[in-house]
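Only the coordinates and a few stated rules stand behind these numbers; no lab work does. What you see is a predicted model, and the numbers here were worked out from it, not measured in a lab. For neighbour counting, all protein chains shown are included, and Cβ atoms are generated from backbone atoms with ideal geometry for every residue, glycine included.
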Amino acid sequence: MEVLAKYLPEHAVRPCFELIKTHSVHLKIVHERQTRHGDYRKAVNGKHEITVNANLNKYRFLITLVHEIAHLVAFEQYGRLIKPHGVEWKMTFQRLMVPFIRPEIFPHAVLPLVAQHFRNPTASSDTDARLAFALKQFDERKPDVHFIHEVPNGAYFRLKNGRIFQKQGLRVKRYICLEVASGKLFLFHANAEVEIVPGG
């Protein structure tokens with residue numbers, strides 16, 4: 001519980017600890033991975049292994065941890081042939097999250113967005129732009145990092161992998177951006193984090 005207290009909202013520590021104990025979870029808190037916040041797998045020895053990125057803010061850490069425990073519980077309850085983010089997982093995720101959707105755990109600005117999201121949870125809370133943006137306000141942000149919706153049209157920006165793009169405009173909910181090196185167009189979520197290239 002002492003370890004969990006570093007990563008979770010105060011009032012979520014004990015219920016998360018109980019979930020981990022009840023389902024015999026082997027939890028590993030790992031360095032940041034670009035492609036995922038967490039994952040679940042059943043090891044060869046039968047252990048339930050869940051990893052969660054250490055760099056997540058406490059609200060995203062909570063949602064990610066419960067997301068992964070929901071995979072475990074859904075597979076155990078409905079069998080291994082269900083879709084990873086299908087109906088059974090959604091119902092399980094909703095049921096496990098409900099006790100956490102309260103003002104002692106989530107800040108006033110985030111709580112209604114969390115409640116709305118869990119009426120029909122998606123495979124990643126990042127695809128819910130309003131919730132993802134609200135959660136990102138609690139990240140430790142570097143001063144030179146911006147959300148793509150903050151970048152002016154026509155300006156150049158760099159991704160973490162060094163690729164440089166020029167922002168073109170908005171298409172429905174995503175931003176069209178031109179990759180400078182290849183001349184190809186790509187679509188970005190509004191809350192993608194980028195570094196503006198001065199005078200690009």
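Computed values, structure above
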| item | result |
| --- | --- |
| Span-rule helices in the chain, defined as complete DSSP H runs reaching 24 Å or more along the axis (Cα) with Kyte mean at least -1.0 | 58-78 |
| Distance (nanometres) between label positions extended 7 Å along Cα→Cβ at Leu178 and Glu193 | 2.8 nm |
| Whole-number percent relative contact order across segment 145-196, with pairs defined as alpha carbons under 8 Å at least 6 apart | 42 percent |
| Förster radius 22 Å - calculated FRET efficiency between Arg80 and Lys21, Cβ distance, rounded to 0.05 | 0.45 |
| Spatially proximal lysines relative to Lys21 (Cα-Cα < 24 Å; intrachain offsets below 8 disregarded) | Lys6, Lys42, Lys47, Lys58, Lys90 |
| Semi-axes of the equivalent ellipsoid for segment 2-136, Cα gyration tensor, largest first, Å | 22, 17, 14 |
| Cross-link partners of Lys83 among aspartates and glutamates (Cα-Cα below 16 Å; sequence separation of 8 or more within a chain) | Asp39, Glu68 |
| Per-pair calculated FRET efficiency, R0 = 25 Å: Ala109 and Phe186 via Cβ, rounded to 0.05 | 0.25 |
| Normalised contact order of segment 96-200, rounded percent, pairs of Cα under 8 Å and 6 or more residues apart | 23 percent |
| R0 of 35 Å, Cβ-Cβ distance Arg102-Val44: FRET efficiency to nearest 0.05 | 0.35 |
| Set of lysines near Lys167 by C-alpha distance (under 26 Å), chain-local residues within fewer than 8 positions excluded | Lys136, Lys142, Lys184 |
| Mean Cβ neighbour count within 10 Å, used as a protection proxy, ranking 52-62, 129-139 highest first | 52-62, 129-139 |
